[in-house]
Each structure stands twice: as C-alpha cells, then as structure tokens.
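> I'd like to ask you about the structure that follows.
Values quoted throughout were computed directly from the atomic coordinates according to the rules given, and no laboratory measurement underlies them. Since we're looking at a predicted model, the values are computed, not measured. As a convention, Cβ positions derive from the backbone with ideal geometry for all residues, glycine included, and neighbour counts pool all protein chains shown.
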Amino acid sequence: MTDQEIEKLVQDKLNEAYQAEEHPKKFFVTENGRGVCDGGDLYNALLGDMMRISQKALTEILKEALKK
C-alpha cells in the first residue's frame, strides 16, 4: 500500500468509527466547596469515548491492511 492509500484508509476508518458511536451529549463539571472546578469526569468521559473510537478504527484498519 502506498502512503496515500494508508492515509486515506486511516481517515476513512476513523470517520466510520466516529459515526458508529453514540457520544455523550452532556459533560458535567462539578465545583468543590472552594469554588474550584473538577474536570475529571469530563476528561474521563472524553477519554473513554476517544479510546472506543480509536479501538474500533484500528481494528478495521488492521483487517483491511492485512487483506492486501
């Protein structure tokens, strides 16, 4: 496979995986007693979402690449 084919394959599979997932609609940022916002839940939700997308896309990319 050429570099351009690999780049297109990766882009296509990432887009497919993103479209196939249901993404969180709201992220909650809580505030502690001192007025400091905690973004941990936001970060964890975003990280989990991106990891599912990446895993699905990489699986499909490897399947496609190993066929050729």
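> Can you pull the one-decimal nm distance between simple spin-label points at Thr2 and Leu66, each 7 Å off the Cα toward Cβ?
Going by the 7 Å Cα→Cβ label model, 2.6 nm.
> Can you compute the FRET efficiency between Val10 and Leu42 using 1/(1 + (r/R0)^6), with r the Cβ-Cβ distance and R0 = 35 Å? Round to the nearest 0.05. Walk me through the numbers on the way to the answer.
Details: r = 27 Å, r/R0 = 0.77.
For R0 = 35 Å, the calculated efficiency reads 0.85.
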